[in-house]
Amino acid sequence: MKSLSLVVPFYNESRNVERFSDTITPILEDLALREWEVICVDDGSQDDSLARLIALHGRDGRFKIVELSRNFGKEAAMTAGLLEAKGDAVIVMDADLQDPPDLIPEMLTKWRDGADVVLARRVDRSSDGHAKRLTAAWFYRVHNALSKVKIPENVGDFRLMDRAVINALAQLPERQRFMKGLFAWVGFQTETIDYTRPPRLAGETSFSGLALWNLALESITGFSTIPLRIWTYIGFSGACLAALYGIFILVRTLITGTNAPGYPSLFCAVIFFGSVQIMSIGMLGEYIGRIYMEAKQRPLFIKRRVYAE
Ligand code: UDP
Ligand code: MG
């Protein structure tokens, strides 16, 4: 008989609180567990999600609330929940029931059969828009080409993890946490189950195009230094080409004498290499920014209150 924790970040999910708890409770009751708890992390919601969560905690103490002092983002909220969870296994899932709770029994079976991590893979993402699916596919391709730590495609944060995996995650000291990358980094024996992603229950997604772009940058700079190194090769190739061209001009001048034209090609070269340099400085800045954020050693999140009695 084992215990299970669910970690669920809530950000402006007022309309989903009751529906989430009503759906999840019978499923957890049926699982023949010694004990279960649901760690609801209120990630600084501006609506009445927190009040509803506190009411829920009043009705059923197995729903525990971690209230963050402001909105820290889903990655930090998940970390807060994972650190609070006590179960032998922990499942991370979204509050909008886009991660179908019906998969929980199957995840538990695989875990009891020996898997440390059970991933849920979206085989059908038609609930996401066309653009989101396309950019997601590009993201996985670029990330996995650049990084040694491969993120499994179409796998979200929804997963079951053994206590050993949670302990490993807790050891990772970084502040900038792209959880999907960190989950992949710690490794462990992994099993996958497939599901179709349903649309959001109520409310709107918090991840706009820009937020997703930032997350993608975060993950690539967090797990790969190839974007830094590539400029050495680009610079070297450019220098070689320039040297060859220089020799060519020299030889031509010796043979045919000098003439003055060439202003447009010069202008193009100046603009081109100027832009390449600015881009490479920008890339450096991306990493220096990350070093700066890590160096400050600020906590990942601040808890305002925990309702766990
Ligand atoms: N979320 C959060 N903090 C944020 C944004 C989102 O805790 O700053 C939570 C949100 O409440 C939900 C989960 O993260 O439980 C996934 O968010 P959403 O459904 O908006 O993302 P999507 O499913 O569209 O990727
Ligand atoms: Mg969602």
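The values are calculated or read from the model by the stated rules, or taken from the named source; none is laboratory data. Not measured: the values here are computed from a predicted model. Ideal geometry is used to build each Cβ from the backbone, glycine not excepted, and the neighbour counts take in all protein chains shown. What goes into the accessible areas is simple: the full protein's heavy atoms, side chains included, and nothing from ligands, DNA or RNA. Shrake-Rupley method; radii C 1.70, N 1.55, O 1.52, S 1.80 Å.
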Would you call Q98 within 10 Å of ligand 1 (Cβ to nearest atom) and at pLDDT below 95? yes
Take region 112-147 and flag every residue that is at pLDDT 85 or above, open to solvent by 60 Å² or more (accessible area, probe 1.4 Å) and under 25 Å from T221 (Cα atoms). R121, W138, R141, V142, A145
Regarding region 52-66, can at least one residue be identified that is within 28 Å of A211 (Cβ to Cβ) and within 16 Å of ligand 2 (Cβ to nearest atom)? no
Given the criteria open to solvent by less than 50 Å² (accessible area, probe 1.4 Å), of a type in the set (K, R) and either assigned to a helix (DSSP H, G or I) or without any contact (Cβ under 8 Å) to a residue 12 or more places away in the chain (or both), does R252 qualify? no
Evaluation of E75 against (1) within 16 Å of ligand 1 (Cβ to nearest atom); (2) open to solvent by less than 20 Å² (accessible area, probe 1.4 Å) (one fails), failing number: (2)
Hey, G289 small (G, A, S) and within 34 Å of the chain's Cα centre (by Cα) or not: yes
Options L228, L217; residue that is in contact with a Phe, Trp or Tyr (Cβ under 8 Å, 6 or more places away or on another chain), surrounded by fewer than 16 Cβ atoms within 10 Å (Cβ to Cβ) and in a helix (DSSP H, G or I): L228
Turns out the helices (runs of 4 or more DSSP H) fully within region 52-152 with at least 2 residues that are free of Cβ contacts under 8 Å to residues at least 60 places away in the same chain are 104-112, 130-146
Flagged in region 157-171 as open to solvent by less than 10 Å² (accessible area, probe 1.4 Å) and part of a strand (DSSP E or B), in numbering order, are F158, L160, M161
Restricting attention to region 1-22, which residues are open to solvent by 20 Å² or more (accessible area, probe 1.4 Å) and in contact (Cβ under 8 Å) with a residue 24 or more places away in the chain? M1, K2, Y11, N12, R15, E18, R19
Unique residue being under 26 Å from E204 (Cα atoms) and away from ligand 1 (no atom under 13 Å from the Cβ) when the list is K2, K64, K110: K64
I'd like the residue in region 183-205 that is assigned to a helix (DSSP H, G or I) and more than 16 Å from ligand 1 (Cβ to nearest atom) and, out of all such residues, is most open to solvent (accessible area, probe 1.4 Å). W185
Sole miss for A89 among (1) modelled with pLDDT of 90 or more; (2) closer than 20 Å to E309 by Cα is condition (2)
Conditions first: (1) within 16 Å of ligand 2 (Cβ to nearest atom); (2) of a type in the set (S, T, Y); (3) open to solvent by 20 Å² or more (accessible area, probe 1.4 Å). T109 passes all but one, so which condition is the exception? (1)
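Yes/no per residue for (1) of a type in the set (K, R); (2) in a helix (DSSP H, G or I); (3) at pLDDT below 85; (4) out of contact with any Lys or Arg (no Cβ under 7 Å at 6 or more places or on another chain):
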{"position": "C268", "(1), (2), (3), (4)": "no, yes, yes, yes"}
{"position": "Y287", "(1), (2), (3), (4)": "no, yes, no, yes"}
{"position": "M293", "(1), (2), (3), (4)": "no, yes, yes, no"}
{"position": "R305", "(1), (2), (3), (4)": "yes, no, no, yes"}
Scanning region 120-141 residue by residue, those more than 16 Å from ligand 1 (Cβ to nearest atom) and either touching a Leu at 6+ places or on another chain (Cβ under 6 Å) or of a type outside the set (V, I, T) (or both) turn out to be W138, R141
Could you list, in sequence order, all residues of region 191-219 that are touching a strand residue (DSSP E or B) at 6+ places or on another chain (Cβ under 9 Å) and more than 13 Å from ligand 2 (Cβ to nearest atom)? E191, T192, I193, D194, Y195, T196
Counting only residues that are open to solvent by less than 20 Å² (accessible area, probe 1.4 Å) and more than 13 Å from F63 (Cβ to Cβ), which one in region 32-44 is nearest to ligand 2 (Cβ to nearest atom)? D43
